[in-house]
Amino acid sequence: MQGLFSDPALERHFTGHSGGITQLRFGPDGNQIATSSTDSTVILWNLSQAARCIRFASHSAAVNGVAWSPKGNLVASAGHDRTVKIWEPKLRGVSGEFVAHSKAVRSVDFDSTGHLMLTASDDKSAKIWRVARRQFVSSFAQQNNWVRSAKFSPNGKLVATASDDKSVRIYDVDSGECVRTFTEERAAPRQLAWHPWGNMLAVALGCNRIKIFDVAGSQLLQLYVVHSAPVNDVAFHPSGHFLLSGSDDRTIRILDLLEGRPIYTLTGHTDAVNAVAFSRDGDKFATGGSDRQLLVWQSNLHTYDASQFEAKSALASSGCETSGVSSKQSVGSATSKSNDLSIRIDPRQSLAYQLSEENFQVLDVSIESGSDLCSCSARLDEISKLLALIDERVRRLEGIYTL
């Protein structure tokens, strides 16, 4: 396999939001990305060169989170206005609204079937909803502060929450009981990511740390200190072998979880990196920041080879330390030092970065929840005017024939 090892490379560079990007998700087919922003809008970016991008504007305040349904027919957005909007991209309008919480909604997620939706809020709760009926199902309210994030496990049987009370809680969906609690001392968790196998959980902390827990065993498996500022988001590669992270330090890190070390440091954002995500096949990943930029990258991780990485970094040592935490548990700890051996990539001189004003159109869609009624009303008005004109012409003709 020699000669096939390729580094991640910037593929596309989008600008279009007037506020910072708060969250992003790839569509199931990998051809679209949904982003939420402090500018109160959601944009669906089409990665096809000729395709049109769509901006949805129905929230009255910042949009904190976004999620695709598994089939890709729905997009949900979580707003600071206490609502969750359900969008149908093909209809280009709002198909549903949930007045979900009594305070700002921080995150939204679908289960693997797409029938259930999970929301997290500043009202200290996470809630499950039945999407088709817009029906409340259950609530998880053991947190003592804001719930920043809530995620379904891959099989939909568990829910993980991250709260400003410095806790990560695992709930059983059927019983509603809290089955695991992980507490933090340094800082509150900001974001969560389930491992594709559903047995581990990655936590982005409001200090500069990333932790990976064994959910069943209630153990800390790995600790990474690879950023110099709070970590805002984490995402597992579909293989489960790599982790992507974004931080207030403006960098993106890629971690090799099998070797327990950082392998890439990516720059390109000029402000905090708030959101990171892999496509379903892992061939691409995207990053979004407070600088309003959406960067889309070729991951090239399918070509990654640990031995070639060591040769490429020109050093044999990984720079990671493993320390015993207890007689029953050991944790790999990767530290960010001056001898950080990860490969650094800055795309700002690349052609893809410089061509920020690409030939794409952003179609604005500003339709409220009563969009169907508004549309019908507008059409009826047009029909009424047309009928009035026809009636007037008929009367004129009748007048001519009666003379």
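Where a number appears in this text, it was derived from the coordinates with a stated rule and is not lab data. From a predicted model like this one, the values you see are computed outputs, not experimental measurements. Methodologically, a virtual Cβ is constructed for each residue, glycine included, from the backbone with ideal geometry; neighbour enumeration extends over all protein chains shown.
On a 19 Å Cα-Cα criterion, which of the cross-link pairs Lys124/Lys211; Lys103/Lys211; Lys127/Lys151 come out too long? Those over the limit are Lys124/Lys211; Lys103/Lys211.
The protection proxy used here, the mean number of other Cβ atoms lying within 10 Å of each residue, ranks peptides 114-124, 193-203 as follows, highest first: 114-124, 193-203. Computed over segment 44-111, the quotient of the alpha carbon radius of gyration and 2.2 N^0.38 Å is 1.12. Residues whose amide H falls under 5 Å from that of Ser121, counting only those 5 or more places apart or on a different chain, are Arg106, Val147, with hydrogens built in the peptide plane.
In order along segment 263-279, the phi-based Karplus estimate (6.51 cos²θ - 1.76 cosθ + 1.60, θ = phi - 60°) of 3J(HN,Hα) comes to 10, 9, 10, 10, 10, x, 7, 9, 8, 3, 8, 9, 9, 9, 7, 9, 6 Hz; Gly and Pro are listed as x.
If you take the beta carbon distance between Arg130 and Arg186 as r and set R0 to 41 Å, what does 1/(1 + (r/R0)^6) give as a FRET efficiency, to the nearest 0.05? Calculated transfer efficiency: 0.60.
Spin-label model, Ala61 to Thr270: label points 7 Å out along the Cα-to-beta-carbon direction sit 2.9 nm apart. For the pair segment 23-92 / segment 149-178, the C-alpha centres are spaced 24 Å from each other. For segment 243-253, 3J(HN,Hα) computed residue by residue from phi via the Karplus equation (6.51, -1.76, 1.60; θ = phi - 60°) reads 10, 10, 9, x, 9, 5, 7, 6, 10, 10, 10 Hz, glycine and proline entered as x.
Evaluating 6.51 cos²θ - 1.76 cosθ + 1.60 at θ = phi - 60° for every residue in segment 154-162, the Karplus couplings come out as x, 8, x, 8, 10, 10, 10, 10, 10 Hz, glycine and proline recorded as x. Ranking Ser218, Phe182, Pro230 by how far each Cα lies toward the positive end of the dipole of segment 176-237 (charges on Cβ) leaves Pro230 at the top. Zone of Asp281 (label point 7 Å along Cα→Cβ, backbone N under 13 Å): which residues in segment 1-44? Output list for this probe position: 28-32.
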